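The values are calculated or read from the model by the stated rules, or taken from the named source; none is laboratory data. Given the structure is predicted, the values throughout are model-derived calculations rather than measurements. Please note: Cβ atoms are built from the backbone with ideal geometry, for glycine as well, and neighbour counts cover all protein chains shown. For accessibility, only protein heavy atoms count, side chains too; no ligands or nucleic acids. Shrake-Rupley method; radii C 1.70, N 1.55, O 1.52, S 1.80 Å.
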Amino acid sequence: MSKKNDLREIASLFFKLGCIAFGGPAAHIAMMENEIVAKRKWMTQEHFLDLIGATNLIPGPNSTEMTMHCGHEKAGWKGLFVAGICFIFPAALITGVFAWLYQKYGQLPNVTPFIYGIKPAVISIILMAAYKLSKKAIKTPQLALLCLLSILACLLGLNEIIVLFIVAFVGILLFFSKKYKNHFNSFIPLFLIEFGTEAKISTLTIFLAFFKIGTILYGSGYVLFAFLESELVVNGWLTKQALLDAVAVGQITPGPILTTATFIGWQMNGFIGAFAATLGIFLPSFLFVLMLNPLIPKMRKSKVISNILDTVNVAAVALIIAVCIEMAKNTITDWRTTLISVISLLIVFVLRKLNSAYIVLGSSILGYLLTFI
């Protein structure tokens, strides 16, 4: 009975997060930290950080894979699948509705007024998570410096996955430097990805195309759009305008941005195409997490890998802060968004136990009302 209750709690929590988690991976992880570590205490802050660090080193959507890790921690492999599916389902459903409307009427409904107030509030939620995680991640002056350098590198435009792998390599150097006091030079690992072409569009072809992308997609979900252009637009399976509209849907819907695949699959082959694309893009993440999660405690016991995790955890916090800064630059553009940001920031840091769903809902309504002023 306890296991059933655990699965119900997992399903309820991640379905709720899938409905309200606007703002991209950093915001999703911030909401998860608040719900899972601060409120429910399913795991320690340190272990949550280790999960973030390990997730950053495998392909796939980071925040979605974090839901799977958290579900696994609570209820094993069943919890992993329940958490992942419940987090993905609301976004896929909403995106599917948009896809149907787009196919039927040739345009997207205007939801901009309601989204207007959400992004400034999400920035506050991310800041709170970054603050709490940084207190656990930054254990030494060296890690503090590494965090600052990572933030600077991201803001200067260096690809986030390159930053993560450089920092992981620095973790190895720090470990050996303590033992041998040698001086090292760092290097940047480069990953070259080449896409093949498919003979024709079919349900299997759609599934395999998105499965391939899900298997090799490193870094932010936004990298997905470059892959989609080379895989689908260049081959003539999707128009450039449809891809741009798919990007817009990814911006205005909650949950993982990779449910953009649902929208695109629908344009290619209706409902069955949407299902095939969604299954294809997310299935690799379920498999990666299923293999990785049991190894994380063993990784922490290894001195070398423990150093790597420490440095990658710091880099993960740096990435969250960098995303927050970039979001603020693009979002807080007038007195209305500034007001929403200040109010949200006060609420997040003063009323720490307040459910983030109320913050998202309240900021959406406030943003809508302020557009009339």
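If you stretched the chain out fully between LEU346 and PHE176, how much longer would it get, using 0.36 nm times the residue separation minus the C-alpha to C-alpha distance?
Length gained between LEU346 and PHE176: 56.8 nm.
Over the chain, what relative contact order in percent results from Cα pairs under 8 Å that are six or more residues apart?
Once normalised by length, the contact order is 31 percent.
Quickly rank 65-73, 343-351, 201-209 as a protection proxy: mean count of other C-beta atoms within 10 Å, highest first. Present the calculation step by step, with values, prior to reporting the outcome.
Values: 65-73: 27.8, 343-351: 16.0, 201-209: 18.7.
By packing density, highest mean first, the sequence is 65-73, 201-209, 343-351.
If you roll a 1.4 Å probe over the heavy atoms of the protein chains, what accessible area per residue do you get for the chain, in Å²?
46 Å²
Compute log10 of I(q)/I(0) for the range 303-350 with the Debye formula, placing one identical point scatterer on every Cα and leaving out solvent, at q = 0.16, 0.18 Å⁻¹, to two decimals.
Normalising to I(0) and taking log10 leaves -0.61, -0.68.
How would you order 81-93, 227-239 from highest to lowest mean count of nearby Cβ atoms within 10 Å? Mind dumping the intermediate values first?
Values: 81-93: 23.8, 227-239: 16.5.
Going by the mean number of other Cβ atoms within 10 Å, highest first, we get 81-93, 227-239.
To check my understanding: the extent here is largest minus smallest coordinate of the Cα atoms along each principal axis. What are those three numbers for the chain, in Å, largest first?
Taking the Cα atoms of the chain, the three principal extents are 66, 53, 51 Å.
Where does each of 40-46, 210-216 land if you order them by average Cβ count within 10 Å, highest first?
Highest-to-lowest ranking by the protection proxy: 210-216, 40-46.
Just to be sure I follow: if Rg is taken over the C-alpha atoms of the range 1-138 and Rh is the Kirkwood radius over the same atoms, what is Rg/Rh?
Using Cα coordinates only, the ratio equals 1.01.
How much accessible surface area, in Å² rounded to 10, belongs to the heavy atoms of LYS39 with a 1.4 Å probe?
Here the residue's solvent-accessible area equals roughly 70 Å².
Suppose R0 equals 25 Å. What FRET efficiency, 1/(1 + (r/R0)^6) with r the Cβ-Cβ distance, do TRP335 and TYR358 give to the nearest 0.05?
0.60
Using a 1.4 angstrom probe on the protein heavy atoms only, line up TYR368, TYR102, TYR131, TYR358 by accessible area, largest first.
From most exposed to least exposed: TYR358, TYR131, TYR368, TYR102.
For ALA38 paired with MET299, estimate the spin-label separation in nm (one decimal), with each label point 7 Å from Cα along the Cα-to-Cβ line.
2.5 nm
Over the chain, what percent of the accessible surface lies on carbon and sulfur atoms, probe 1.4 Å?
Result for the chain: 68 percent of the exposed heavy-atom area is carbon or sulfur.
Average projected area of the Cα convex hull of the range 282-373, in nm²?
Spelled out: convex hull of the Cα atoms, projected over all directions, averaged, 9.2 nm².
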